[in-house]
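Quick notes on the structure that follows.
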Amino acid sequence: MSTILLGIGDLAATREPGVSLKTMALGSCVAIVLLDPATKSIGMVHIALPDSSINSEKRKVKPGYFADTAIPLLFERMREAGSYGNPRYMTIKIIGGANVLGASAIFDIGNRNIAAIKTIMASYGASIAAADIGGNNSRTVSVDVDTGSILIYCPGLGQWSV
């Protein structure tokens, strides 16, 4: 089995057997995982911020960094990987959006990311099937193309599925 490792702002989609997608250290960042059950395609993005208007240069170089540019691009990559591409028929799961800096965090990026993602998904008529969001802990996420299973690991808390 091979693993495609995604850093902050990276995204990928595949339906190649034996491949998994993985991203690590989701604090306030949010991973969106897309599963197309009809084609067994999977996709993932590691989003850092909700809105690309704050940095037009970064938006051009790393569109996966921002929710508003990452989500349309992830749907496009799913189509390129063989998905039918209709978000309404995909299983969508989101993970992350923690407040790792504690309750006094001024910017509350995690909750802003979650709100932006939910709004954008709703604009596509897509619903989020499951979420493991919020809290105060960093998460690592992997999704396997063969099974479609999504595993979450959190230091000190162990591993579980969503």
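The values are calculated or read from the model by the stated rules, or taken from the named source; none is laboratory data. Only a predicted model underlies this, so the values are computations on that prediction, with no experimental measurement involved. Glycine gets a Cβ as well: all are built from the backbone with ideal geometry, and neighbour counts include every protein chain shown.
Sort through VAL33, VAL45 and tell me the only one that's outside any helix (DSSP H, G or I), of a type in the set (Val, Ile, Thr) and free of Cβ contacts under 8 Å to residues at least 60 places away in the same chain.
Going through VAL33, VAL45 in turn, the sole match is VAL45.
Scanning region 60-96 for residues that are surrounded by fewer than 19 Cβ atoms within 10 Å (Cβ to Cβ), over 13 Å from the mean Cα position of the chain (by Cα) and assigned to a helix (DSSP H, G or I) gives LYS60, VAL61, GLU76, ARG79, GLU80, ARG88, TYR89.
Exactly one condition in (1) surrounded by 14 or more Cβ atoms within 10 Å (Cβ to Cβ); (2) touching a Ser or Thr at 6+ places or on another chain (Cβ under 8 Å) is not met by GLY7; state its number. Among (1) surrounded by 14 or more Cβ atoms within 10 Å (Cβ to Cβ); (2) touching a Ser or Thr at 6+ places or on another chain (Cβ under 8 Å), the lone unmet condition for GLY7 is (1). Counting only strands (runs of 3 or more DSSP E) that fall entirely inside region 113-162 and contain at least 1 residues that are surrounded by 15 or more Cβ atoms within 10 Å (Cβ to Cβ) and at pLDDT 95 or above, the qualifying elements are 128-133, 139-144, 150-154.
For SER56, are the conditions met, namely being within 13 Å of ALA116 (Cα to Cα) and of a type in the set (Ser, Thr, Tyr)?
On the way: within 13 Å of ALA116 (Cα to Cα): no; of a type in the set (Ser, Thr, Tyr): yes.
So SER56 fails the test.
Residues that are surrounded by fewer than 24 Cβ atoms within 10 Å (Cβ to Cβ), in a loop (DSSP other than H, G, I, E, B) and touching a residue at least 60 places away in the same chain (Cβ under 8 Å) within region 10-30 comprise ARG15, GLU16, PRO17, GLY18, GLY27, SER28, listed in sequence order.
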